[in-house]
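What follows is a set of notes on a single structure, which appears directly below.
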Amino acid sequence: MSSTGSRPPRLKDFLETTFANAGGSLSFERFMELALYDPQFGYYSANIADVGGERADFSTWATLADLGTPLANWIRKEIPTVDWNRQKPNLIEIGAGDGSLAAGILKQFGWLERRKLNYHIVDRSGPLREKQRQKLKGKSVSWHESMQSALAACDGRAIIFSNELVDAFPAIWLRWNGGNWEEIYVNFSPEKGLGESFVAIDIEIDWETPPPGQRVEFHRSYFDWQNGWLPDFKCGSILTIDYGDSGTEKIYRNRRNGTLRGYHRQQRIEGPGVYQRFGKQDLTADVDFAELIRHGEWSGLETVKLENQRQFLERFGTGRVISDEAAEAFQVLHQKKLLVENS
Ligand SMILES: C[S@@+](CC[C@H](N)C(=O)[O-])C[C@H]1O[C@@H](n2cnc3c(N)ncnc32)[C@H](O)[C@@H]1O
């Protein structure tokens with residue numbers, strides 16, 4: 001007897017068709033985009049079970065410690081600095097994970113204060129938006145599909161923040177061959193599976209003499225995404241928290257293979273392991289905050305401050321860091337956009 005329903009697509013068929021349609025190879029950036037965000041097979045779009053906790057592949061500052069208290073203190077200080085045009089202050093959290101940070105911030109604000117502001121979440125992941133809805137049940141929170149629609153709901157005036165968002169954007173992956181930079185491509189054949197190839201690329205990387213074989217990543221897709229909504233942002237503040245450092249040499253010294261890695265069941269996976277478990281593991285890379293600052297200033301954002309976790313917590317939190325390693329690894333970037341006449 002034959003079934004009338006169509007067979008659900010299999011991962012193997014999906015990979016074969018995708019690579020065949022692309023002529024046999026994809027840039028690593030495109031591969032990472034599909035592995036994380038393909039609607040049917042992507043890690044964040046289809047497979048993520050949780051952030052933090054027993055079922056999760058990774059934990060974050062928001063799920064490991066109280067990030068809500070320092071963020072709420074920072075937000076309280078920022079609210080009076082924004083021209084709200086007589087509207088309620090708008091908070092936009094981008095990439096809210098399991099909703100822990102939103103819950104922590106809203107708890108700090110109390111009932112009356114909460115009524116005097118709007119809390120918006122923008123998240124690309126369907127399973128995580130569902131988790132957030134469960135965790136934030138009964139709280140007045142609005143969800144948006146895109147930053148453009150969140151900003152439209154705020155008349156372009158907002159305090160925007162994210163924790164470990166930039167590192168979840170697809171990165172281009174480069175290798176220094178001793179004389180030039182090459183972009184890493186991913187090949188697939190049903191017989192051999194996934195492998196790498198290298199294609200010359202004309203790109204300026206701020207590092208004069210990297211060792212041969214050195215790999216670096218660049219979050220180009222984050223800047224393209226920001227370019228899509230920054231014109232709709234009239235005024236307010238942006239706080240970006242992530243792991244990384246400032247400048248290529250600082251980030252990659254003694255990390256010849258770059259920082260690209262996977263996380264599966266709380267295990268860190270490096271090297272060829274990043275190509276395994278397509279859509280079943282997180283993929284991520286350290287963030288270059290010098291690039292965030294450069295792109296922000298080029299786009300009309302003012303840089304207010306870049307500091308690490310320890311310094312941020314000393315100013316806004318309890319002063320307790322998650323660990324000495326995290327205190328140095330996590331950076332906090334504060335940017336601002338001032339209202340321009342006639343906007
Ligand atoms: C590494 S998780 C961090 C989650 C949370 N902020 C935390 O600290 O626990 C990355 C988050 O960013 C979201 N995300 C990734 N790309 C996004 C995009 N383009 N727009 C909105 N959210 C995005 C993911 O769905 C996920 O919620």
L101 within 12 Å of the ligand (Cβ to nearest atom) and either crowded, with 20+ Cβ neighbours inside 10 Å or assigned to a strand (DSSP E or B) (or both): yes
Options G296, G279, G317, G273; residue that is exposed (fewer than 15 other Cβ atoms within 10 Å of the Cβ) and small (G, A, S): G273
Single condition G273 does not satisfy, out of (1) over 19 Å from the mean Cα position of the chain (by Cα); (2) of a type outside the set (K, R); (3) outside any strand (DSSP E or B); (4) over 22 Å from S59 (Cβ atoms): (4)
Matching residues in the stretch 144-181 - criterion: being of a type outside the set (A, V, I, L, M), under 14 Å from N90 (Cβ atoms) and in contact with a strand residue (DSSP E or B) (Cβ under 6 Å, 6 or more places away or on another chain): H144, C154, R157, F161
Filtered residues of the stretch 297-338 (kept if part of a strand (DSSP E or B) and among the aromatic types (F, W, Y)): F330
Candidate set: the stretch 229-270, residues that are of a type in the set (A, V, I, L, M, F, W, C) and under 16 Å from L174 (Cα atoms); chosen: the one farthest from the chain's Cα centre (by Cα): I251
Residue in the stretch 228-250 that is more than 30 Å from D155 (Cβ to Cβ), in contact (Cβ under 8 Å) with a residue 60 or more places away in the chain and among the aliphatic types (A, V, I, L, M) present: no
Matching entry among F169, F218, F233, F223 (being in contact with a Gly (Cβ under 7 Å, 6 or more places away or on another chain) and surrounded by 15 or more Cβ atoms within 10 Å (Cβ to Cβ)): F233
Qualifying residue in the stretch 107-130 (condition: away from the ligand (no atom under 11 Å from the Cβ), of a type in the set (G, A, S) and part of a helix (DSSP H, G or I)): yes
S197 vs. criteria polar (S, T, N, Q), within 30 Å of I159 (Cβ to Cβ) and touching a residue at least 12 places away in the same chain (Cβ under 8 Å): no
Residues satisfying the stated conditions in the stretch 156-165, i.e. within 9 Å of the ligand (Cβ to nearest atom) and outside any strand (DSSP E or B): E164, L165
Some residue of the stretch 198-213 being crowded, with 19+ Cβ neighbours inside 10 Å and among the aliphatic types (A, V, I, L, M): no
Any hit, the stretch 128-144, residues being modelled with pLDDT under 95 and buried (at least 16 other Cβ atoms within 10 Å of the Cβ): no
Given (1) among the hydroxyl-bearing types (S, T, Y); (2) touching a Gly at 6+ places or on another chain (Cβ under 9 Å); (3) surrounded by 19 or more Cβ atoms within 10 Å (Cβ to Cβ), number of the condition S189 does not satisfy: (3)
Criterion: under 23 Å from the mean Cα position of the chain (by Cα) and at pLDDT 95 or above - qualifying residue of N85, N73: N73
Near pairs, Cβ below 7 angstrom, 6+ apart or cross-chain, from the stretch 60-72 (more than 15 Å from R315 (Cα to Cα)) to any residue that is part of a loop (DSSP other than H, G, I, E, B) and of a type in the set (V, I, T): T60/V51; W61/I322; T63/V51; L64/I322; A65/I322
Selected residue [touching a Ser or Thr at 6+ places or on another chain (Cβ under 7 Å) and under 17 Å from H334 (Cβ atoms)] from I75, I94: I94
A35 being under 21 Å from S197 (Cβ atoms) and modelled with pLDDT of 95 or more: yes
Tally, over the stretch 178-219, of residues that are more than 27 Å from G23 (Cβ to Cβ) and of a type in the set (K, R): 0
Residue tally, condition among the hydrophobic types (A, V, I, L, M, F, W, C) and away from the ligand (no atom under 15 Å from the Cβ), over the stretch 214-234: 2
Selection within the stretch 2-47 - among the aliphatic types (A, V, I, L, M), within 28 Å of the chain's Cα centre (by Cα) and farther than 17 Å from Y275 by Cα: A22, A46
Segments classed as helices (runs of 4 or more DSSP H), wholly inside the stretch 1-90, with at least 1 members that are over 29 Å from K280 (Cα atoms) and more than 15 Å from the ligand (Cβ to nearest atom): 68-78
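The values are calculated or read from the model by the stated rules, or taken from the named source; none is laboratory data. Every value quoted in this text rests on a predicted model; they were computed, and no experiment measured them. Cβ coordinates were reconstructed from backbone atoms using ideal geometry, including for glycine residues, and neighbour counts include every protein chain displayed.
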